[in-house]
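**Student:** Take a look at the following structure, please.
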């Protein structure tokens, strides 16, 4: 998976998670017809030649059908084989590209390459590869999300930064899928944080920054998820902030009645108590044993990175528990600043929902190369939200996408630390030892047949459940370190 990153944000850490973000549902901006004006068209008067103004926040998608390129050939019997694409043309500003097609089960055997022109300039980028093997992501077969009519086949998204010109070519090794379209995504600017609606952002209000720049945001202290180290009152307040409820000596995620039941531990078996020895002096009660839950890390909420809650499906879908964490790389390249990561997330989110037909952002969490952790799919970070990240093994698992490509590049130490901190807390809420094993039942995929029970490490790589390069060899080789660090953060030896 390959990509490069660059864009803008308004908020990086404006909203560090304390509670799930209340759902805001602003009306989604209408998407104007896609533009594709070849550079070679005859000159027009200035007023007529001007492109329509870019739509208002919170972003937009231009969808351009691909056509056979001049001089391309077609294999006998393959109506879609050969080469399709678009010649150089002006388009409205965008920052992320991808290719989609009609049948989500049809693979694209071939290569996809694009080059883009930076906004306001005449310089074109070199040809960049777009990762075509994106079918290992998505909802499990047989689930409601996996059977949605609006699903499409899709490449991985490629972040190219602020651009207003594009050229693309798709070369098939065999028949290409039908209905190939180029998706050009403008993530829009992040909205200003509303301190009144989001108490976590109360120390200051973030202001939207111009495209390509970052507005400063006040840092907010982390909320800890291990109340045992605090006094009774402090522990209760900390646990409430962390979305936890008391269960005996443990703390578990608090779920509402309409959400899936989650059992992390059991209350003490009072029936098994022995009668007290009245002949001896009563010994003082032993202090409650703390559960193995790592401190809750700072998590930038969906509101913090500017997710438009109006484009996803309403409501949430939960699985029963979390037994394992699958680590991915986003294949978006490493040429981005961490201040630009929220814009990348907004672009991926729109591509997942509007272009690929998913109900929401696919991953439960994301981590940038500076170690910042972001809330992914909506539904509550302390809860077992069903994602669309590891085809066949989304049930009873969570997905963490590291923004970048780590096939040849080693992940920064901050990435490994962030994965360890996140899993120490989240797996700890569900009683999971990061150095232990997890058993999951396959929902169907290219590596394990549906119904197969598979043993995974509790912190696993995407390639463990699907025949894929993800999360890249260099990141995959660091998962052992993450497991050890995560277990230590939980207080395990």
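**Student:** Take residue 461 and tell me if it is in contact (Cβ under 8 Å) with a residue 60 or more places away in the chain, in contact with a strand residue (DSSP E or B) (Cβ under 6 Å, 6 or more places away or on another chain) and buried (at least 23 other Cβ atoms within 10 Å of the Cβ).
**Tutor:** For residue 461, the condition - in contact (Cβ under 8 Å) with a residue 60 or more places away in the chain, in contact with a strand residue (DSSP E or B) (Cβ under 6 Å, 6 or more places away or on another chain) and buried (at least 23 other Cβ atoms within 10 Å of the Cβ) - is met.
**Student:** For the stretch 465-478, how many residues meet the condition of being part of a helix (DSSP H, G or I) and surrounded by fewer than 21 Cβ atoms within 10 Å (Cβ to Cβ)?
**Tutor:** Result for the stretch 465-478: 2.
This table checks each residue for (1) modelled with pLDDT of 90 or more; (2) touching a strand residue (DSSP E or B) at 6+ places or on another chain (Cβ under 8 Å).
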{"residue": "60", "(1), (2)": "yes, yes"}
{"residue": "72", "(1), (2)": "no, yes"}
{"residue": "77", "(1), (2)": "no, no"}
{"residue": "87", "(1), (2)": "yes, yes"}
{"residue": "92", "(1), (2)": "yes, yes"}
{"residue": "113", "(1), (2)": "yes, yes"}
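**Student:** Here's another thing I want to ask about it. Residues that are at negative phi and surrounded by 23 or more Cβ atoms within 10 Å (Cβ to Cβ): list the strands (runs of 3 or more DSSP E) wholly contained in the stretch 345-450 that include at least 2 such residues.
**Tutor:** Ranges flagged: 365-367, 373-375, 397-402.
**Student:** Same structure, new question: Within the stretch 282-294, is even one residue modelled with pLDDT of 85 or more, in contact with a helix residue (DSSP H, G or I) (Cβ under 7 Å, 6 or more places away or on another chain) and either crowded, with 21+ Cβ neighbours inside 10 Å or on the phi > 0 side of the Ramachandran plot (or both)?
**Tutor:** Scanning the stretch 282-294, I find at least one residue that is modelled with pLDDT of 85 or more, in contact with a helix residue (DSSP H, G or I) (Cβ under 7 Å, 6 or more places away or on another chain) and either crowded, with 21+ Cβ neighbours inside 10 Å or on the phi > 0 side of the Ramachandran plot (or both), so the answer is yes.
**Student:** Filter the stretch 80-91 for residues that are within 30 Å of residue 148 (Cα to Cα) and assigned to a strand (DSSP E or B) and give the result.
**Tutor:** 83, 84, 85, 86
**Student:** Taking the condition under 17 Å from residue 374 (Cα atoms) and surrounded by fewer than 20 Cβ atoms within 10 Å (Cβ to Cβ), does residue 313 pass?
**Tutor:** no
The values are calculated or read from the model by the stated rules, or taken from the named source; none is laboratory data. Note that the coordinates shown come from a computational prediction; the quantities given were computed from them, not determined experimentally. Cβ: placed from backbone, ideal geometry, glycine included. Neighbour counts: every protein chain shown.
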